[in-house]
1. Output the residues belonging to the stretch 199-243 that are hydrophobic (A, V, I, L, M, F, W, C), in a helix (DSSP H, G or I) and either touching a Leu at 6+ places or on another chain (Cβ under 9 Å) or open to solvent by less than 20 Å² (accessible area, probe 1.4 Å) (or both).
2. If you go through the stretch 51-93, how many residues are assigned to a helix (DSSP H, G or I) and within 29 Å of Ala127 (Cβ to Cβ)?
3. Considering only the stretch 275-289, how many residues are surrounded by fewer than 24 Cβ atoms within 10 Å (Cβ to Cβ), touching a residue at least 24 places away in the same chain (Cβ under 8 Å) and of a type outside the set (Lys, Arg)?
4. How many of the residues in the stretch 95-118 are under 20 Å from Gln298 (Cα atoms) and either more than 17 Å from the chain's Cα centre (by Cα) or buried (at least 24 other Cβ atoms within 10 Å of the Cβ) (or both)?
5. Name the one entry in Ile201, Ile219 that is β-branched (Val, Ile, Thr), farther than 13 Å from Leu51 by Cα and either in contact (Cβ under 8 Å) with a residue 12 or more places away in the chain or touching a Ser or Thr at 6+ places or on another chain (Cβ under 8 Å) (or both).
6. Restricted to the stretch 143-162, and to residues that are in contact with a strand residue (DSSP E or B) (Cβ under 9 Å, 6 or more places away or on another chain) and among the charged types (D, E, K, R), which residue is farthest from His61 (Cα to Cα)?
7. Which one of these does Ala261 not meet: (1) open to solvent by less than 20 Å² (accessible area, probe 1.4 Å); (2) closer than 27 Å to Gly188 by Cα?
Amino acid sequence: MDEFATSFWLSAVLTGLAFGYVIQRGGFCLTRAISNLALMGDAGILRAYVLAMLVAVVGVHLLTGLGLVEVPVRPFRWIANILGGLLFGVGMILAGGCSGSTWYRVGEGAIGAWVILLGFALGATTANVGALEPLRGWLQRREFELRLGDAPPTLPSALGVPPWVVIAVLGGAARVGLARGPREPEHGKWAWPLTGAAVGILIAAGWWTSTLGGRPVGITFAVNTGHALTYPLVGYPNQVTWSMVLLVGMPIGAFLGAWPAGEFRWKLPPGWSLVKIFGGGLLMGASALVADGCNITQGLTNSATLSVGSLAAFVSMCAGGWLTLWALYLRKG
């Protein structure tokens, strides 16, 4: 095995393993973050999410500033980003978990997570190369893409200020919000400050480790989850990618976190819920391809570049999740 192949496999597996371990120990999940806040008034996981994004933003801009990696900026396809994000938010509430947490729940022994992933992979493949590909292509047309000059817009470029000015303002705002509330972990999980800091560091580091696989893609769970299904079935794509290998490490890392903590056990979902969680996974997969990524891909990995498109997609995901919770639970109250 040559040096490139060794670094390709090791960097992908170890990145996935580390990320799976960290988000399992922290219970890091956008679905739980929004649900806990809306239904119980608990903002702990949401605080971890905010801190993770802030740390990732700082880390990514340090990496690019030092010339260690050239991080691409996602385009602002406003219709696709917003519509796809809203539908993704609906899907993750129906599924009971977001893309990253579904993968780590596999490592906890949750059989239902496999059902969600199957739906996610089918939905992603259908939108990528299947029956929904024409619709996705239309929503992502160049005519619907907003640019500043020849480049996709970022918050700094849109505001006409240096990136570190925006980061300083965001950091100040986050400090005010994060200073409120308890810092104690719940149910044996890590405290939210540790979880948020660790996730943010790994998100930034993922941009560098993925260069060992050929080009920077960062930690993602959208297209690669679909590829994990289509590759063994039809050989698409025609080679294993770094992001596909990343998925191998995720449940292993989660298992290494769950087993010593006594959190691993085989769990079968109620039979009546299988249709709902499969449908949620299906919707998540298809809408993630429309939105250019899932809650990790767009919400953290690419939002760390301060891409306007990624931030719009992430805000839409949160809005879609909250509106679904309101329709299912809060409206009745």
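The values are calculated or read from the model by the stated rules, or taken from the named source; none is laboratory data. All figures in this text were calculated on a predicted structure; none of them were measured in a lab. Backbone-built Cβ (ideal geometry, glycine too); neighbour counts: all protein chains shown. SASA here: full protein model, heavy atoms, side chains in, ligands and nucleic acids out. Shrake-Rupley method; radii C 1.70, N 1.55, O 1.52, S 1.80 Å.
1. Taking the stretch 199-243 and keeping what is hydrophobic (A, V, I, L, M, F, W, C), we get 199, 201-205, 207-208, 212, 217, 219, 221-223, 228-229, 233-234, 240, 242.
Imposing the further condition that a residue be in a helix (DSSP H, G or I) reduces the set to 199, 201-205, 207-208, 212, 223, 228-229, 233-234, 242.
Hits for the stretch 199-243 are Val199, Ile203, Ala204, Ala205, Trp207, Trp208, Leu212, Val223, Ala228, Leu229, Trp242.
2. Just the residues of the stretch 51-93 that are assigned to a helix (DSSP H, G or I), to begin with: 51-65, 78-93.
Pick out the ones that are also within 29 Å of Ala127 (Cβ to Cβ) and you get 52-53, 56-57, 60, 78-93.
So the answer is 21.
3. To start, the set of residues in the stretch 275-289 that are surrounded by fewer than 24 Cβ atoms within 10 Å (Cβ to Cβ) comprises 275-279, 282-283.
Cutting the leftovers down to touching a residue at least 24 places away in the same chain (Cβ under 8 Å) gives us 276-279, 282-283.
Narrowing the set further to residues that are of a type outside the set (Lys, Arg) leaves 277-279, 282-283.
Total satisfying the criteria: 5.
4. 11
5. Ile219
6. From the stretch 143-162, those in contact with a strand residue (DSSP E or B) (Cβ under 9 Å, 6 or more places away or on another chain) are 144-148, 152-155, 157-158; that's our starting set.
Among the residues that remain, those that are also among the charged types (D, E, K, R) are: 145, 147.
Numbers: Glu145: 24, Arg147: 21 Å.
The residue in question is Glu145.
7. Unmet for Ala261, out of (1) open to solvent by less than 20 Å² (accessible area, probe 1.4 Å); (2) closer than 27 Å to Gly188 by Cα: (1).
Residue-wise test of (1) in a helix (DSSP H, G or I); (2) farther than 26 Å from Ala288 by Cβ; (3) polar (S, T, N, Q); (4) touching a helix residue (DSSP H, G or I) at 6+ places or on another chain (Cβ under 9 Å).
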{"residue": "Ser157", "(1), (2), (3), (4)": "yes, no, yes, yes"}
{"residue": "Val165", "(1), (2), (3), (4)": "yes, yes, no, yes"}
{"residue": "Leu170", "(1), (2), (3), (4)": "yes, no, no, yes"}
{"residue": "Gly177", "(1), (2), (3), (4)": "yes, yes, no, yes"}
